[in-house]
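Encoded as structure tokens, the structure appears first; notes follow it.
The values are calculated or read from the model by the stated rules, or taken from the named source; none is laboratory data. Because the structure is predicted, anything quoted here is derived from the model rather than measured. When we count neighbours, we look across all protein chains shown, and the Cβ atoms used for this are built from the backbone with ideal geometry, even at glycine.
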Amino acid sequence: MYIVIMISPDGDNYQIHNDEASARDCFENEDNTEFYSRVVLAKVTPGKDFGFGSYGDFYGGEVLEESEGEDI
């Protein structure tokens, strides 16, 4: 399973995908926006915890791509 996490000071958005191709399409579309300060594409396992640690590092899955936007 794949997840695209779009991080913004106003709130985060998440999209879950069953296949990598659709997740990558979503990542590429959202990566080009100025609304998010960070966009992460990760592979995760259903039923397992994942998220960001206190230093902003991702745990519980494999980060496939990541983009840092402008500071908003």
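Some observations on this one:
- Selection status of D12, of a type in the set (D, E, K, R) and out of contact with any Phe, Trp or Tyr (no Cβ under 8 Å at 6 or more places or on another chain): yes
- Positions within the range 6-30 being within 19 Å of D57 (Cα to Cα) and in contact with a Leu (Cβ under 8 Å, 6 or more places away or on another chain), in sequence order: F27
- Residue selected from the range 2-11 under the condition within 11 Å of F35 (Cα to Cα) and surrounded by 14 or more Cβ atoms within 10 Å (Cβ to Cβ), by the criterion modelled with the highest pLDDT: M6
- Within the range 31-49, considering residues that are among the charged types (D, E, K, R) and modelled with pLDDT of 95 or more, the one nearest to G61 (Cα to Cα): K43
- Search result, residues across the range 51-63 that are surrounded by fewer than 16 Cβ atoms within 10 Å (Cβ to Cβ) and under 16 Å from I7 (Cβ atoms): G51, F52, G53, S54, Y55, G56, D57, Y59, V63
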